[in-house]
Amino acid sequence: MKHKELMIFEGVMCCSTGICGPEPDKTLVEFNDTLKRLQKDYPDLKIQRANMSFNLDVFRENSDILKLVKEKGVEVLPVIRIDGSVVSQQKYLMYDELKKVLGN
């Protein structure tokens, strides 16, 4: 399998994963588990999360994503990109969906 890079651009959250506080968002908990499973099943997959609260510099370095946010607003987030191509906007893909997009 060729090396792949998975980038997740997320909106403003209270912490880097969004699974903090007394009642974490169930979708974010599931997505965090999905990323852990992907990392285990695809050891060569580089996964990076960029959150507007903590990683604004990553948004600035990725002009296509910054442009998307400026054009469509923060409602476009999360944006998921694999090897530089946007594969999802406005929703978190779960394990089976990401596995399909990755080609396995």
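The values are calculated or read from the model by the stated rules, or taken from the named source; none is laboratory data. Predicted model only: the values in this text are computed from it and were never measured. So basically every Cβ, Gly included, is an ideal-geometry build from the backbone, and we count neighbours across all protein chains shown.
Let's see how each residue does on (1) at pLDDT below 90; (2) in a helix (DSSP H, G or I); (3) among the charged types (D, E, K, R):
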residue: Thr27; (1), (2), (3): yes, yes, no
residue: Asp33; (1), (2), (3): no, yes, yes
residue: Pro43; (1), (2), (3): no, no, no
residue: Ile47; (1), (2), (3): no, no, no
residue: Ala50; (1), (2), (3): no, no, no
residue: Phe54; (1), (2), (3): yes, no, no
residue: Asp57; (1), (2), (3): no, yes, yes
residue: Glu75; (1), (2), (3): no, yes, yes
- Pairing a residue in the stretch 17-41 that is among the hydrophobic types (A, V, I, L, M, F, W, C) with any residue that is at pLDDT 85 or above and assigned to a loop (DSSP other than H, G, I, E, B), where Cβ atoms lie under 9 Å and the two sit 6 or more apart in sequence or on different chains, gives Leu28/Tyr92; Phe31/Pro78; Phe31/Tyr92; Phe31/Leu93; Phe31/Met94; Leu38/Leu45
- Item | Criterion violated by Arg81 - all others in (1) of a type outside the set (A, V, I, L, M, F, W, C); (2) at pLDDT 95 or above; (3) farther than 12 Å from Phe9 by Cβ satisfied | (3)
- Please enumerate the residues belonging to the stretch 59-73 that are assigned to a loop (DSSP other than H, G, I, E, B) and more than 27 Å from Gly103 (Cβ to Cβ). Gly73
- Task: With respect to Leu77, determine if the residue is touching a strand residue (DSSP E or B) at 6+ places or on another chain (Cβ under 8 Å), under 17 Å from Ser53 (Cα atoms), surrounded by 11 or more Cβ atoms within 10 Å (Cβ to Cβ) and touching a residue at least 24 places away in the same chain (Cβ under 8 Å).
- Result: yes
